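The values are calculated or read from the model by the stated rules, or taken from the named source; none is laboratory data. These numbers come from a predicted model, not from an experiment. Quick reminder, even Gly has a Cβ in these numbers, built from the backbone with ideal geometry, and neighbours come from all protein chains shown.
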Amino acid sequence: MVVGAGMVGAACALYAARAGLDVVLVDRGPVAGGTTGAGEGNLLVSDKEPGPELDLALLSLRLWGELAGEFGTAVEYEAKGGVVVATSPASLAALGRFAAGQRAAGVVAEPVEGDALYGLEPHLAHGLPGAVHYPQDCQVMPALAAAHAVRASGARLLTGRTVTDVLRTPGGAVRGVRSDHGDLHAPAVVNAAGTWGAELASLAGTTLPVLPRRGFVLVTEPLPRRVRHKVYAADYVADVASDSAALQASPVVEGTAAGPVLIGASRERVGFDRSFSLPAVRALAAGATRLFPFLSDVRAVRAYLGFRPYLPDHLPAIGPDPRAPGLYHACGHEGAGIGLATGTGHLIAQALTARTPDLDLTPFRPDRFTEEAA
Amino acid sequence: MTERPHLAVIGAGPAGLAATVAAAAHGLRVTLLDSAAQAGGQFYRQPADGLRARRPQALHHQWRTWERLRDALDAHVKAGHVRHLTDHHVWCVERGADGFTVHALLGPEQEEPVSVPADAVLLATGGYEKVLPFPGWTLPGVLTAGGAQAMLKGTLAVSGRTAVVAGTGPLLLPVAAGLAAAGVKVAALVESAGPRAFLRRTGALAAQPGKLAEGAGYAARLARHRVRLLGRHTVVEAHGAERGGSEPQGRSGGEGPSTRRPEGPGTARLSTPAVPGTAGLSTPAAAPGRRTTHMLAAVTVAALDAERRVRPGTQRRIPCDTLAVGHGMLAHTDLAESLGCRLEGTGVRVDDEQRTDVPGVWAAGETTGIGGAALALAEGHIAGRSVAARLHGHAPDPRTWAAAAKTRTRLRAFSAALDAVYAPPAHWAEQITDDTVVCRCEEVTAGAVREAVGELGAGDLRTVKLLTRAGMGWCQGRVCAPAVAGLAGCELTPSRRPFARPVPLGVLAHQHTHPTGRGSS
Amino acid sequence: MTTTPHELAGARPGPAFTVTLDGREIEALPGQTVAAALWAAGVTAWRTTRGEGRPRGIFCGIGVCFDCLVTVNDRPNQRACLVPLRPGDAIRTQEGAGHDD
């Protein structure tokens, strides 16, 4: 039983079904109705420092490549590569050091200088000191990817059903969920509820401190392909890792197969506040036009928001919860959930079938925060 | 004068004008922002100045009401209480700690930003026409009924020689009458409700003798122009032809649909030999067997039975080069939505004073729900009086607008009664073939929408959009949302559109906090 | 009983001026939008869509639907129903996204 039909839940359903399990997928909304539907579909290694998240990203990218072969163009998978741009000599030096560490961890990170940068991205602002090219960065259309993964999984999909409780045996083991449309029994429940993962954890009598981090994405009018890669300024990595509640908005700029340029995404900690913020989208526009001056004359036709599910140490929770036997967590991926979904689903399937996981799950242990609190 | 509290009114149609006049008369300074070059909105859309029309009233209804509004506006502008900013396209209203900032783009180019600070905001953004799709509806020559009327009123232009007016709703009669008066042969008025239903003297309809007379007046004018009235009928398909095409064109013989046009003094014509129809478009040659190609040449209409289903065997073909079609109206709610105003159905929710649930924001007219120009005038008047009182720090006395409130009650009931009379054909969504484009901007077909719902788990407008791109294009789903909702079998919910119109990123990137503003008057 | 909209409204516009459509000269009147002048010249489609290359012209007539996009004086994606013409304006039919590349 997977709770949450976003990309992570879809991937859990897919890999669990392929491991031979009978899968039911439940969501209170439609497929991709939460953070997945508000995402850009970044499959990035470029923004990750060496460590468990990067290992998960590399595993996930390999699995994404396999899925892309299977789903074809239906999910708009593009191995377009990323270009991280330094905006000052100091940031170029820092970026160089960052990339060297990533190379040691198995990432392809190629320094780009001078004219070569404009060969990669002809419309970038002039006078930029340099960049690093990450050919492994990819893109996928997240809602389509989730929908196709669900369909390919053959899982029983129950949308429009809200989980109101987690059913447990007298001994405390999870045995299913109660929904507004009746009880659903299963020996294992996967919490793939994303930003709302804390609520599901508490229904199961346990805790997971998932919190929302709001992001806006700007969408332009359709254009011919003028932005070829995922392009962002080196400051972005600092924003992702930041613990500040204040608005951060070093944007990722990218063209899409459908035509529009996507500019995302701001980061703010404002709870589940759905109100529009002009300052946030102004900051995105300012960052994007600094990187690509031609965008000044291009029109934004839309802006939308979503909530990234983050955990205090910016790592997801993946694996069984020893405090509630039968409960597995697969949430808290912050802004990287699409990219990390395949690896997460694969690891969850291995855990569900009692196989040795391909990655050490220790850094992702769901109960790691209770120890800290104690 | 600068001591007066400052109200920004967005939209210079009947609601916005009535509100402006009432607020200015009761001690407010008003900035009236509107996207058009002249006041009037859609209902009182005026011919462009340059056309120097001496009888614009020939295109209009209730002209004396318009003259009163216009004269009152002019008087307040002269007195310095109202600033009328024309050609201002408002894209966002921002709520700050000490008031509001209205963000607009200037002129038809919409590149230069303007911002107007205000103590309160009144949204009178009006509505636009709903059109449900059918095979062939993307052909050039098919346009909205309101669009045909806007082009006629605003630029004295008609698109062809022979028109069919179709759909459902009270707008169709004046559109057909207007086109006929302007020299277009109106081959048929195709209404899916029965015209007799409109004239039935029951309930709230019977309480509106003026409206009934209005309907009867149009009917008489249409009879004079020998317009065929096809009640309980619907257009099931529009057919195209290559330019210079082979469709029978009635009096136009074998010529292309747009080669013969009403020409008279003042009608521009090509100064070089014209290739009629499409302007040098490199469209692919029509594939063999493809029915619809370049331009509208005819429509197929069919009768509806008592349950409003298409009656088999009743199809007939009507040659025409213009199809003006509409299925009612939808409210513009983008600005209200971004301000956080609660909506009710597809309109902005307001109280008896026309206040939204966001302090400092009022709304009036079609944006609060479709009800017509007379209702908009009453609501605008009440809203203007309410804002004036509130910005002066006291609660208004509703007795001062008792007449307008009575009109409002009566016309809201009338509007609800009309909604019950006018309705599209039952099961209209089933008539849309899988290959019919539903989202005109992104060219998403009905088949793709059905697949997203049936096979990919979409259950609402947002998910259908994510999975198909329907509603992601230039118009942001304003046109296709009703059709997509019908096909998906889900509720028509207003989409969130933080930008009421496209905004250059360069404008967004730069803060414009300094109040500026240029305008006529 | 044949009449024209201009006769009906008693229009007495100033003298016509010349604009171009894809380099061809056409006449326009003071106060006419791009769409009005093109209609008067017998042209009802001036754009092809990005996906299927289908022709489009006026649909909503009030700036909401963006179907009537056209390039005016090298500025793409202008709404023909909104933009008034000035002498010498160069109108170009628009293909796809309207941006060169």
| request: For residue B:4, indicate whether it is farther than 30 Å from residue C:13 by Cβ and not in a strand (DSSP E or B). | output: yes
| message | Suppose we filter B:42, B:110, B:62 for residues that are within 12 Å of chain C (Cβ to nearest Cβ), within 27 Å of residue C:6 (Cβ to Cβ) and under 25 Å from the mean Cα position of the chain (by Cα); which single one remains? | response | B:42
| query | Of all the helices (runs of 4 or more DSSP H) wholly in region A:71-158, which have at least 3 residues that are loosely packed, with under 15 Cβ neighbours inside 10 Å? | reply | A:89-104, A:115-120
| field | Matching entry among B:140, B:56, B:135 (being crowded, with 21+ Cβ neighbours inside 10 Å, outside the structural domain of residue B:367 (by TED's automatic domain parsing) and out of contact with any Lys or Arg (no Cβ under 7 Å at 6 or more places or on another chain)) | value | B:135
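Residues being hydrophobic (A, V, I, L, M, F, W, C), assigned to a loop (DSSP other than H, G, I, E, B) and out of contact with any helix residue (DSSP H, G or I) (no Cβ under 8 Å at 6 or more places or on another chain): count how many of those fall in region B:132-162. Give the derivation first.
Within region B:132-162, the subset hydrophobic (A, V, I, L, M, F, W, C) is B:132, B:134, B:137, B:139, B:142-143, B:145, B:148, B:150-152, B:156-158.
Next, only the ones that are assigned to a loop (DSSP other than H, G, I, E, B) stay: B:132, B:134, B:137, B:139, B:156-158.
Now drop any that are not out of contact with any helix residue (DSSP H, G or I) (no Cβ under 8 Å at 6 or more places or on another chain), which leaves B:137, B:139.
Result for region B:132-162: 2.
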| request: Determine, yes or no, whether residue B:250 is closer than 23 Å to residue B:304 by Cα, modelled with pLDDT under 90 and away from chain C (no Cβ under 14 Å). | output: no
| remark: Requiring at least 3 residues that are touching a helix residue (DSSP H, G or I) at 6+ places or on another chain (Cβ under 7 Å) and not assigned by TED's automatic domain parsing to the domain that holds residue A:18, the helices (runs of 4 or more DSSP H) wholly within region A:256-374 are A:278-291
| message | Looking at region A:23-44, I want the residues that are within 12 Å of another protein chain (Cβ to nearest Cβ) and have a partner that is of a type in the set (S, T, N, Q) and in a loop (DSSP other than H, G, I, E, B) with Cβ atoms under 7 Å, at least 6 apart or on another chain. Which pairs are those? | response | A:27/A:159; A:28/A:162; A:29/A:159; A:30/A:159; A:31/A:159
| note | Reported set for region B:75-91 where residues are touching a Ser or Thr at 6+ places or on another chain (Cβ under 8 Å) and not polar (S, T, N, Q) is B:76, B:77, B:82, B:83, B:84, B:85, B:87, B:88, B:89, B:90
| Going by the structure shown, is residue C:61 surrounded by fewer than 24 Cβ atoms within 10 Å (Cβ to Cβ), at the interface with chain B (Cβ under 7 Å from one of its Cβ atoms) and on the phi > 0 side of the Ramachandran plot? | no
| residue C:92 vs. criteria at pLDDT 95 or above and at the interface with chain B (Cβ under 8 Å from one of its Cβ atoms) | no
| query | What number of residues within region A:151-173 satisfy the criterion of being away from chain B (no Cβ under 12 Å) and more than 17 Å from residue A:193 (Cα to Cα)? | reply | 7
| request: Just give me the residues in region C:1-44 being under 10 Å from the mean Cα position of the chain (by Cα), part of a loop (DSSP other than H, G, I, E, B) and within 21 Å of residue B:57 (Cα to Cα), in sequence order. | output: C:32
| task | State all residues of region B:88-124 that are in contact (Cβ under 8 Å) with a residue 60 or more places away in the chain, surrounded by fewer than 23 Cβ atoms within 10 Å (Cβ to Cβ) and not in a strand (DSSP E or B); if no residue qualifies, say none. | result | B:111, B:119
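Would you call residue A:293 closer than 30 Å to residue B:112 by Cα, surrounded by fewer than 17 Cβ atoms within 10 Å (Cβ to Cβ) and at pLDDT 95 or above?
yes
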| query | Between a first residue in region C:14-35 that is over 18 Å from residue B:48 (Cβ atoms) and a second residue that is charged (D, E, K, R) and crowded, with 17+ Cβ neighbours inside 10 Å, which pairs have beta carbons less than 9 Å apart while being 6 or more apart in sequence or on different chains? | reply | C:18/C:27; C:20/C:89; C:20/C:92; C:21/C:92; C:22/C:92; C:23/C:92
| request: Would you check which residues across region A:1-36 are closer than 18 Å to residue A:71 by Cβ and surrounded by fewer than 24 Cβ atoms within 10 Å (Cβ to Cβ) and list them? | output: A:17, A:18
| query | Does region B:66-86 include one or more residues that are without any contact (Cβ under 8 Å) to a residue 12 or more places away in the chain, outside any loop (DSSP other than H, G, I, E, B) and within 14 Å of another protein chain (Cβ to nearest Cβ)? | reply | no
| message | Show me the strands (runs of 3 or more DSSP E) found entirely inside region C:56-101 where at least 1 residues are over 10 Å from the mean Cα position of the chain (by Cα). | response | C:75-79, C:90-92
| remark: Considering region A:220-238, residues that are within 14 Å of chain C (Cβ to nearest Cβ) and closer than 16 Å to residue B:505 by Cβ, and then whichever is surrounded by the fewest Cβ atoms within 10 Å (Cβ to Cβ), we arrive at A:226
| task | Determine whether residue C:47 is farther than 23 Å from residue B:106 by Cα and surrounded by 23 or more Cβ atoms within 10 Å (Cβ to Cβ). | result | yes
| Residues satisfying the stated conditions in region B:149-166, i.e. touching a Gly at 6+ places or on another chain (Cβ under 7 Å), closer than 23 Å to residue C:79 by Cβ and more than 7 Å from every other protein chain (Cβ to nearest Cβ) | B:149, B:160
